[in-house]
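A.B. asks: First the structure, then my questions, so here it is.
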Amino acid sequence: MTIVALDTATRATVAALLRTGDPRLELEARDDPAPGERPRHATRVLELVAEVLDRGCVGWADVDAIAVGVGPGTFTGLRIGVASARALSRARGIPLIGVSTLQSLACNAPADGDVQRVGSVLAVLDARRREVFAAGWPLGLQQGPPTLLSPRACAPEALGKVVEALRPGPLAIGEGAVEFREVLERAGALIPDDHSAIHRVSAINHCRLALSMRGSSPDQVHPEYLRLPDAEIGRRAGGTR
């Protein structure tokens, strides 16, 4: 089976190609803006998809499914990624699979528990406005539903309360864990070094998750925002409709 995946839920733009069989092929291309730079989702996402196909010597006729990260994440980023994936799915007649960006991030954690005796993993993305998007799994069970913490948008202090209740303390990964390291570590979370690749959303994980998921028509795949767009939050805070 051959799957192409993309994600634009965070500031990064990522694409990947996975082909099962012998030899197995896994390729990823990504664009990670430097601090202070704006995301380049609109200009880079299709370029990166074309890059992994070219590197893998794979044509669209050989692709069985397209996977896209449905978030949660930034409103504009998700809209670009899902719209791009839908367009590719329609144009090529290829089934589309929506993948939770939080679940994919959680799959970065080692399944064997070889991280200072942690028993669970929290995937944490920066939702801005001093909030995070988060979900939690028992370590090694990230390919199933998030049984420890359902996906939500919350204040880091509220997530800290969840961390305090987990023993041993969980492994917290993702840009949100880095951003609010002080709050989460004080509550008992273990957070790898800021520059560790474990914090980066990987489209390869999207492909691996999609292998066990059923594809659908592009109209059935929707972003999972978890909260209103920032512009709407601002309008409501200002008393306008």
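The values are calculated or read from the model by the stated rules, or taken from the named source; none is laboratory data. Remember, it's a predicted structure, so these values are computed and weren't measured experimentally. So basically every Cβ, Gly included, is an ideal-geometry build from the backbone, and we count neighbours across all protein chains shown.
A.B. asks: Which residues, taken from the range 170-210, are more than 16 Å from the chain's Cα centre (by Cα), surrounded by fewer than 24 Cβ atoms within 10 Å (Cβ to Cβ), in a helix (DSSP H, G or I) and not basic (K, R)?
C.D. replies: E179, E182, V183, E185, A187
A.B. asks: For R38, all conditions in the list (1) surrounded by fewer than 15 Cβ atoms within 10 Å (Cβ to Cβ); (2) in contact (Cβ under 8 Å) with a residue 24 or more places away in the chain hold save one; what is the number of the exception?
C.D. replies: That leaves (2) as the condition not met.
A.B. asks: Further question on the same structure: Just one of (1) surrounded by 20 or more Cβ atoms within 10 Å (Cβ to Cβ); (2) not in a loop (DSSP other than H, G, I, E, B) trips up N108, so point out which.
C.D. replies: That leaves (2) as the condition not met.
A.B. asks: I've got another one for you. Go over the candidates G93, G69, G59, G73 one by one and state the one that is of a type in the set (G, A, S) and farther than 23 Å from R19 by Cβ.
C.D. replies: G73
A.B. asks: If you go through the range 4-16 one residue at a time, do you hit one that is charged (D, E, K, R), without any contact (Cβ under 8 Å) to a residue 60 or more places away in the chain and surrounded by 19 or more Cβ atoms within 10 Å (Cβ to Cβ)?
C.D. replies: Scanning the range 4-16 turns up no residue that is charged (D, E, K, R), without any contact (Cβ under 8 Å) to a residue 60 or more places away in the chain and surrounded by 19 or more Cβ atoms within 10 Å (Cβ to Cβ).
A.B. asks: State whether the residues of the range 160-168 include one that is touching a strand residue (DSSP E or B) at 6+ places or on another chain (Cβ under 8 Å), modelled with pLDDT under 95 and of a type in the set (A, V, I, L, M, F, W, C).
C.D. replies: yes
A.B. asks: While we're on this one: Among the residues that make up the range 73-92, is at least one of them outside any helix (DSSP H, G or I), within 28 Å of R130 (Cβ to Cβ) and in contact (Cβ under 8 Å) with a residue 12 or more places away in the chain?
C.D. replies: Taking every residue of the range 73-92 in turn, at least one turns out to be outside any helix (DSSP H, G or I), within 28 Å of R130 (Cβ to Cβ) and in contact (Cβ under 8 Å) with a residue 12 or more places away in the chain.
A.B. asks: Which number in (1) over 25 Å from S212 (Cα atoms); (2) assigned to a loop (DSSP other than H, G, I, E, B); (3) among the hydroxyl-bearing types (S, T, Y) marks the one condition that T10 misses?
C.D. replies: Exception for T10: condition (1).
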